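Written below as structure tokens is the structure these notes are about.
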Amino acid sequence: MEKQQFKAESKRLLDLMINSIYTHQEIFLREIISNASDAMDKLAYLSLTDQNVGLSRSDFAIDITVDEKERLLTVSDNGIGMSREDMEENLGTIAKSGSLQFKKDMEQQEDIDIIGQFGVGFYSAFMVADAVTVISKKYGSDEAWMWQSSGADGYTITACEKEAAGTQVIMHLKADTEDENYSRFLQEHELRSLVRKYSDYIRYPIRMDVTKTRVKEETKDSDKPEYESYTENETLNSMVPLWQRAKKDVTEEEYNRFYQEKFFDYENPLATIHLSIEGNITYKALLYIPARAPYDFYTKEYKKGLQLYSSGVLIMENCEDLLPEHFRFVKGIVDSQDLSLNISREMLQHDRQLKLIASNLEKKIKSELKKLLENDREKYEKFFNAFGRNLKYGLVSEYGMHKELLQDLMLFWSSKEQKLVTLQEYVDGMGEGQEHIYYAAGESRQRLSQLPQMELLQDKGYDVLFFTEDVDEFIPQTLQKFAEKDFKNIASDDLGLTSDEEKKAMEEKNEAAKPTLDFIKETLGDRVKDVRLSATLKSHPVCLVPDEGMSFEMEKYFQKMNPEMGFKAGRILELNPEHAVFATLQIAVAQDPEKAKKYVEVLYDQSLLMAGLPIDNPTEYTDRICSLMQ
Ligand code: ADP
């Protein structure tokens, strides 16, 4: 009979398992049991619509048997089973589900630690066994099959006999070595404690024959009772899923372990929300806020959703409708007895109960985040680092319909405090006379702090929020106002800092400088919308401000998204009339127009550079500076 080879990536995983020096080898049992439980879930689900299954939930069970002499540990289930093709497909390759990230990481590193970080599934059996046999019969089929492998050299599949549908995984344990005691996995108390530790919540009984002692019946009344040992088939797990238990009976460690195993994360969650709701609709929910964004979180591949159970039976692996986009990072489970079991996907979408649950969960998540923000700033900032961008997208999307919900979850960098602040904190910190919320948008904090317009605001002691993400600048547009204050972009808006007299004085100054300003306009042609004197510049000679409508940051954003459209913000060149350069320019305009033109070109290019915009011709720019220096 021909041996078949494992697929390349599976072989690597297998090698890792076989040669594993991983210290938590014991997790193999959890993996095998969890597969058995999944297989029974599948058949239980099928039985809802298929009368022929003939099994009800209480008929499903996992049996652990031990043959100490032969060193065999067997885990049997009466779940859906596998056909020959299933074996080929599922046991010959790393399964797609939880192991995907593992697969990716494996390509980059050989680190043994990653074993503990992800569910590694069936192959983990090879950490403790030198040969594994899987006997299985698929529900509805007449044939049974046996898959056998002693590791890296491949596997065989042969026909065999098996009465009922289901699967048996038979592990032949490795011989003990100086460092490793594999025999412990044949011991009753070890197996019992592993099941308790890792698989307690499995909703099917996990049974094992255990040896107990009792007083011999006939010596019961005597002074010297005699004891005998007997065997009893015992259910090892409590079978109550974590989310069904009372909050006070679950430890933080249990919550965290459950999260890590269920959602394939190696970090603990930042927050756990355990709800037990009774009322119009009754449900239990166990939600987690992860501490870091999954590698694919900001891509289309990432699927949001919660697992949906109806009275303990999994009815949907990923129910998207339970989570709004802005909270798509939340992981967890919802279990409600009020949902019909054989409800279809399409029907669920319109289900009133489901909508009710979803809107409830949204409020709970919000209040949990708020709590974190108020009580544990460090944790919240960690959260915001990972998922803040997603909240921002949520705020600006759908015409801002979620702004009430999300605006007080935002954090922005405060240039004055040098830390992240909420909008409320910004407003609370506004001093006497400050009317607006000031912000600046650009690619880095460092760049923004050097904006020419910053000086004026700093002099006044006003705080400026720094927006450094694409989406940030859409937030003031969406919110319009926060706490009755409107937003001002320090680089483009009228900052409302000049009095009527000052404005009048500015007009007069502009009028007086008209010949120079006209000269500049003529030189720059349609490259600029306008040229005027600045009321805000302090130590810099020029700056560029956008015409109303679109800011330079938006221009950059749209250029990146859609370069063909050629979006451009209107450019207005502002000059500082108090600056010595302006005086020099005025003299040149009057005495040496050729030189004055060069000055104008240089100043314009400088204003572009300071605004973070590309200049048309860098070579001309440097040549011009050189010629002026000569
Ligand atoms: P995962 O459980 O993450 O999918 P595994 O490597 O543990 O990955 O299992 C691979 C696949 O083999 C499973 O998805 C399932 O289809 C199949 N399988 C494993 N154990 C059983 C079982 N006891 N009964 C039926 N199918 C099983």
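What number of residues within region 582-593 are among the charged types (D, E, K, R) and either under 18 Å from LEU537 (Cα atoms) or within 59 Å of the chain's Cα centre (by Cα) (or both)?
Residues that pass the stated criteria total 0.
Looking at LEU173, is it of a type in the set (A, V, I, L, M, F, W, C), surrounded by 15 or more Cβ atoms within 10 Å (Cβ to Cβ) and either under 29 Å from ASP59 (Cβ atoms) or over 40 Å from the mean Cα position of the chain (by Cα) (or both)?
Considered against the rule, which asks whether it is of a type in the set (A, V, I, L, M, F, W, C), surrounded by 15 or more Cβ atoms within 10 Å (Cβ to Cβ) and either under 29 Å from ASP59 (Cβ atoms) or over 40 Å from the mean Cα position of the chain (by Cα) (or both), LEU173 comes out as no.
Select, from LEU395, LEU451, LEU420, the only residue that is surrounded by 14 or more Cβ atoms within 10 Å (Cβ to Cβ), hydrophobic (A, V, I, L, M, F, W, C) and in a loop (DSSP other than H, G, I, E, B).
Details: LEU395 fails: in a loop (DSSP other than H, G, I, E, B); LEU420 fails: in a loop (DSSP other than H, G, I, E, B).
One residue alone meets the criteria, LEU451.
Can you name every residue in region 31-61 that is small (Gly, Ala, Ser), within 16 Å of the ligand (Cβ to nearest atom) and in a loop (DSSP other than H, G, I, E, B)?
The answer is ALA61, and nothing else.
Please find, within region 614-627, the residue that is modelled with the highest pLDDT out of those that are closer than 28 Å to ALA441 by Cβ and in contact with a helix residue (DSSP H, G or I) (Cβ under 6 Å, 6 or more places away or on another chain).
TYR621
Would you mention how many residues in region 68-84 are away from the ligand (no atom under 13 Å from the Cβ), in a loop (DSSP other than H, G, I, E, B) and not acidic (Asp, Glu)?
Total satisfying the criteria: 2.
Return a yes/no flag: does region 111-120 have any residue that is small (Gly, Ala, Ser), in a helix (DSSP H, G or I), within 13 Å of the ligand (Cβ to nearest atom) and at pLDDT below 95.
Within region 111-120, not a single residue is small (Gly, Ala, Ser), in a helix (DSSP H, G or I), within 13 Å of the ligand (Cβ to nearest atom) and at pLDDT below 95.
Is there any pair with a first residue in region 376-395 that is aromatic (Phe, Trp, Tyr) and a second that is assigned to a helix (DSSP H, G or I) whose Cβ atoms are under 7 Å apart and which are 6 or more apart or on different chains, and what are they?
Correct list of pairs: TYR380/LEU372; TYR380/LEU373; PHE383/LEU372; TYR393/VAL471.
Can you confirm whether ASP59 is acidic (Asp, Glu) and either under 16 Å from ASN90 (Cβ atoms) or in contact with a Lys or Arg (Cβ under 8 Å, 6 or more places away or on another chain) (or both)? Before the answer, list the steps.
On the way: acidic (Asp, Glu): yes; either under 16 Å from ASN90 (Cβ atoms) or in contact with a Lys or Arg (Cβ under 8 Å, 6 or more places away or on another chain) (or both): no.
Here the answer is no, as ASP59 does not meet what is asked.
Mind checking which residues of region 437-448 are surrounded by fewer than 23 Cβ atoms within 10 Å (Cβ to Cβ) and modelled with pLDDT of 90 or more?
Residues satisfying the conditions are SER444, ARG445, GLN446.
Residue by residue, here is whether (1) within 18 Å of GLN4 (Cβ to Cβ); (2) among the aliphatic types (A, V, I, L, M); (3) out of contact with any Gly (no Cβ under 8 Å at 6 or more places or on another chain) holds:
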residue: GLY140; (1), (2), (3): no, no, yes
residue: GLN148; (1), (2), (3): yes, no, yes
residue: ALA152; (1), (2), (3): yes, yes, yes
residue: THR156; (1), (2), (3): yes, no, yes
residue: GLU163; (1), (2), (3): no, no, yes
residue: MET171; (1), (2), (3): no, yes, yes
residue: ALA175; (1), (2), (3): no, yes, yes
residue: GLU180; (1), (2), (3): no, no, yes
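So is SER539 more than 38 Å from the chain's Cα centre (by Cα), surrounded by fewer than 19 Cβ atoms within 10 Å (Cβ to Cβ) and closer than 30 Å to VAL421 by Cβ or not?
So SER539 fits the description; yes.
Check every one of the strands (runs of 3 or more DSSP E) wholly within region 137-219 and list those with 1 or more residues that are closer than 23 Å to THR231 by Cβ. Can you show your working first?
On the way: elements: 144-149, 155-160, 166-173, 206-215.
Here the list reads 166-173, 206-215.
Can you tell me which residue within region 612-627, out of those that are among the hydrophobic types (A, V, I, L, M, F, W, C) and in a loop (DSSP other than H, G, I, E, B), is nearest to ALA596 (Cα to Cα)?
The selected residue is ILE615.
Could you tell me which of the residues PHE258, PHE185 is crowded, with 19+ Cβ neighbours inside 10 Å and either within 29 Å of SER310 (Cα to Cα) or within 16 Å of the ligand (Cβ to nearest atom) (or both)? Working first, answer last.
On the way: PHE185 fails: either within 29 Å of SER310 (Cα to Cα) or within 16 Å of the ligand (Cβ to nearest atom) (or both).
Matching residue, one of PHE258, PHE185: PHE258.
It is to be established whether one or more residues within region 226-240 are within 18 Å of ILE33 (Cβ to Cβ), in contact with a Pro (Cβ under 6 Å, 6 or more places away or on another chain) and modelled with pLDDT of 90 or more.
Yes; the residues of region 226-240 include at least one that is within 18 Å of ILE33 (Cβ to Cβ), in contact with a Pro (Cβ under 6 Å, 6 or more places away or on another chain) and modelled with pLDDT of 90 or more.
Among the residues of region 475-494, which ones are surrounded by fewer than 19 Cβ atoms within 10 Å (Cβ to Cβ), over 17 Å from LYS460 (Cβ atoms) and free of Cβ contacts under 8 Å to residues at least 60 places away in the same chain?
GLN480, LYS481, GLU484, ASP486
Given the structure, is VAL215 surrounded by 12 or more Cβ atoms within 10 Å (Cβ to Cβ), among the β-branched types (Val, Ile, Thr) and under 44 Å from the mean Cα position of the chain (by Cα)?
In short, no.
Which count do you get for residues in region 491-529 that are under 21 Å from ALA583 (Cα atoms) and basic (Lys, Arg)?
Residues that pass the stated criteria total 3.
Name the pairs whose Cβ atoms lie under 6 Å apart, with the first residue in region 495-516 and of a type in the set (Ser, Thr, Tyr), the second surrounded by 13 or more Cβ atoms within 10 Å (Cβ to Cβ) and in a loop (DSSP other than H, G, I, E, B), and 6 or more positions between them or separate chains?
THR498/ALA535
Check GLU564, GLU578, GLU601, GLU574 and return the single one that is farther than 20 Å from ARG527 by Cβ and either under 46 Å from the mean Cα position of the chain (by Cα) or in contact (Cβ under 8 Å) with a residue 60 or more places away in the chain (or both).
GLU564
The values are calculated or read from the model by the stated rules, or taken from the named source; none is laboratory data. Owing to the predicted nature of the structure, the values given are computational and were not obtained by experimental measurement. Quick reminder, even Gly has a Cβ in these numbers, built from the backbone with ideal geometry, and neighbours come from all protein chains shown.
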